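Student: One structure is given below, represented as structure tokens, and several questions about it will come after.
Every read-out reported here was derived from the displayed coordinates using simple, explicitly stated rules and does not represent laboratory data. Small disclaimer: the values here were computed from a predicted structure and weren't measured. Note that each Cβ is placed from the backbone with ideal geometry, even for glycine, and that neighbours are counted across all protein chains shown.
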Amino acid sequence: MSSLKKQSGSLHEKAGISPPEITNSAAIHQIQKNRRKQPSAAELINGILDQNRTALSRAITLVESTHPEHAEKANEVIQGCLPHANKSIRIGITGVPGVGKSTFIEAFGKFLTALGKKVAVLAVDPSSSLSHGSILGDKTRMEELVKDENAFIRPSASGDTLGGVARKTRESIILCEAAGFDTIIIETVGVGQSETAVHSMVDFFLLLKISGAGDELQGIKRGIMEMADAIVINKADGDNIKKAQQAKLEFNRALHLFPPKKSNWQPKVTTCSAITNEGISEIWDTISQYFVQTNASGFFQEKRKDQNHFWMMETINEHLKSNFYNQPGIIGQLEQIKKAVQNDEISPFAAARFLLSEYKKQL
């Protein structure tokens, strides 16, 4: 009986020792006060130009905000940074999920920082179509690069933007350039149409592929191959080296099927291993050759001008769309019209014309 009592008594949790009260209420108040304080546009601009990463991060968060009240302040920050931008190399990197984009970017980024470059990585993570959440795990996957003082990694959720490109990536590039980063890397989510949007905001477009996964055949398709300035067969290590070399031959043959690029640049195909760093320096040599050639021909500057025009039109379209859905009259009728369309009481086209006519009345 006594042994039973002893056993049951051992199951009860014993009271521990409470830690001494060392919390400083004044310090807590100061921290909360600083958190509530929102820096002005001028303070953010000055912080960015002073290469303050906290200011840069807060400015990108402001730019990405969908709150209407933040738009004017974000535009002021962008306008203040614009004279100090456009002094970087912008590189877009894409590839299907599993091709090793994050591992490659870390190896490539470390190589660039070792050369004295300042690298900003704008990584776009896919958002769930159900929960609308995003993992934002790029900093975890680039654990070495994230600790590099010459690198800045900013993951952003793709949200509901077509193709999975973060809505304000273009503006984030300007902020990073103003903060002194001379090499901007944009990683797409690799879901298809995001490549088109990224291609419209970068100078050099790099397509990552892997061998032995049917990618050789898929890569021959038009579109993505026509946009690529270089194709890199990743994971060319171990038993996969021969397969990677064979894939390189296949892609080289495929590239000859396409007409010459407007830039007169002949896309290169190479292999690399982000694990062993084999081939990383050759990729940078290819990119450097591209910039020398396109700068000499004037194509580099013309492409930047065309991209600025493209993003002006995109911004107009985005503003009109946002203004339409935020009109009180539209908000009040949208759900009712949607239900009527779903119940086949009105055609989608007639419903759209009705809503647009209601929108015009409120202008």
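Student: Please work out how much length the chain gains when fully extended from Phe310 to Asn295, using 0.36 nm per residue of separation minus the C-alpha to C-alpha distance, in nm with one decimal.
Tutor: 3.3 nm
Student: Further question on the same structure: Of Phe324, Phe299, how do they rank once you tally other Cβ atoms within 10 Å and put the fewest first?
Tutor: Working: Phe324 14, Phe299 18.
Ascending Cβ contact count within 10 Å gives the list Phe324, Phe299.
Student: If packing is taken as the mean number of other Cβ atoms within 10 Å per residue, what is the order of 342-354, 48-60, highest first?
Tutor: The most tightly packed comes first, giving 48-60, 342-354.
Student: Please give the peptides 98-104, 85-91 ranked by average Cβ packing (other Cβ atoms within 10 Å per residue), highest first, as a rough proxy for protection.
Tutor: Details: 98-104: 19.9, 85-91: 18.1.
Top to bottom by mean Cβ count within 10 Å: 98-104, 85-91.
Student: Take Ser57 and Ala340, extend 7 Å from each Cα along the Cα→Cβ direction, and tell me the distance between the two endpoints in nm.
Tutor: 4.9
Student: Let me ask something else about it. Run the simple label-point estimate for Ser281 and His319 please: 7 Å along Cα→C-beta, distance reported in nm.
Tutor: 4.9
Student: Calculated FRET efficiency, Ala352 and Glu43, Cβ-Cβ r, R0 41 Å, to nearest 0.05?
Tutor: With R0 = 41 Å, the Cβ-Cβ based efficiency is 0.40.
Student: Give, in nm to one decimal, the length gained when the segment between Ile241 and Lys262 is fully stretched (0.36 nm per residue of separation minus the Cα-Cα distance).
Tutor: Length gained, Ile241 through Lys262: 4.3 nm.
Student: Also, I was wondering about something else. Classify the range 311-361: rounded, prolate or oblate, from the alpha-carbon gyration tensor (a ≥ b ≥ c, eigenvalue square roots; a/c under 1.5 rounded; otherwise prolate if a/b is larger than b/c)?
Tutor: Cα axes put the range 311-361 in the prolate bin.
Student: Let me ask another. So if I place +1 on the C-beta of Lys and Arg and -1 on the C-beta of Asp and Glu, and nothing else carries charge, what would the dipole magnitude of the range 206-344 be about its Cα centre? I want it in debye, nearest 20.
Tutor: It comes to approximately 260 debye.
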